[in-house]
Amino acid sequence: MAYFLQQLANAVPVAALYALLAFGYAIAFAVTRRADLTYGALFGFAGQIFLLFADFGWNKLWLVLPAALAFAAVLALVYAGGAGLLIGRSVMRKLVDTSANTVVVASLGVALVLMELSRIAADTRSLWLPPFLNVPLVLWGDASFPVTLTLIQMLNTAVMLGLVAGCALFLARSSWGRAWRAVSDDPGAAALCGVDGRRVFVSAYAFSALLAAVAGILATSYYGNMDFGAGLTFGVKVLFIAAIGGQTSPLQAAAGAAVMGLAETLWSAYGSMLWRDFAIFSLLILLLVLFRREKFQP
């Protein structure tokens, strides 16, 4: 019983990470309406930039660890957010206007560019952060098998869930959220009502990129590393996890992604790690086929 409770506790940070990623992806997908691998690449890119500048701040600027991490986090947000803004304005917006299906191909190219840029900047070095905030907090005090989570796991979970809740409230209550919903439902009708679809598209893409950057920074701060190929891996994974709940509804996408995080953690605890991804993706494909809804894509 204690082991099962520990696995449920371990699933909470993973579920929160997947929920934040799926929530941000759904914001961009609602205006592009095409599969986009760029989002996962921005997640990995932010984590790698965070590592690079943390190393620079620690070894070159002689900053103390909290200052080096804060310095790196700010620059990672700037770089990833700026990249998202540039990609949304100069690449995706133009492709959606001309040939929307090329968004899928272009997103793969952009993902490869971001991966290679971070690899070249790091000189192909695998950088690691020192462990921090890793004090275990007892959630259930069993003498033989206490259920624990580290402080950074709990902080990351709180920040991610807080972001999902806050952004959901922002989308529901703000004028920008209403404009975003109008453009995602029908760009032509939104334009007739005076909504600038181009501006909403670019700002939605940048908003989505910022959420991916925050997720990348938090994930890297916990795991201590971000692999150069993580962008492509998470790009594909986010496509599936967001589709569980619905790619055009951020909250539903986040809920579906949280369920996948729980399933993935429990499989890791009780099943073979070798077959984990195969089993999870096979289940996702089956669910998508069974519950697919035909919808016209202009």
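The values are calculated or read from the model by the stated rules, or taken from the named source; none is laboratory data. Computed from a predicted structure; not experimentally measured. Using ideal geometry, Cβ is built from the backbone for each residue, glycine included, and neighbour counts are taken over all protein chains shown. Please note that ligands, DNA and RNA were not included when accessible areas were found on the heavy atoms of the full protein model with its side chains. Shrake-Rupley method; radii C 1.70, N 1.55, O 1.52, S 1.80 Å.
So here's what we get for this one:
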read-out: Residue under evaluation R199, criteria (1) in contact with a Pro (Cβ under 9 Å, 6 or more places away or on another chain); (2) surrounded by fewer than 15 Cβ atoms within 10 Å (Cβ to Cβ), criterion not met; value: (1)
read-out: Listing of helices (runs of 4 or more DSSP H) fully contained in the stretch 215-298 that carry 1 or more residues being open to solvent by less than 20 Å² (accessible area, probe 1.4 Å) and at pLDDT 85 or above; value: 250-270
read-out: Count of the stretch 186-196 residues which are of a type in the set (A, V, I, L, M, F, W, C) and surrounded by 11 or more Cβ atoms within 10 Å (Cβ to Cβ); value: 4
read-out: Residue within the stretch 160-171 that is within 18 Å of N10 (Cβ to Cβ) and open to solvent by 50 Å² or more (accessible area, probe 1.4 Å) present; value: yes
read-out: Test: A68 is surrounded by 24 or more Cβ atoms within 10 Å (Cβ to Cβ) and not acidic (D, E); value: no
read-out: First in the stretch 155-171 and among the small types (G, A, S), second anywhere and open to solvent by 20 Å² or more (accessible area, probe 1.4 Å) and modelled with pLDDT under 95, Cβ under 9 Å, 6 or more apart; value: A168/L251
read-out: Exclusive hit being hydrophobic (A, V, I, L, M, F, W, C), open to solvent by 20 Å² or more (accessible area, probe 1.4 Å) and at pLDDT 90 or above, set F23, F56, F4, F43; value: F56
read-out: Checklist (1) open to solvent by less than 40 Å² (accessible area, probe 1.4 Å); (2) touching a strand residue (DSSP E or B) at 6+ places or on another chain (Cβ under 8 Å) applied to L139, failing item; value: (1)
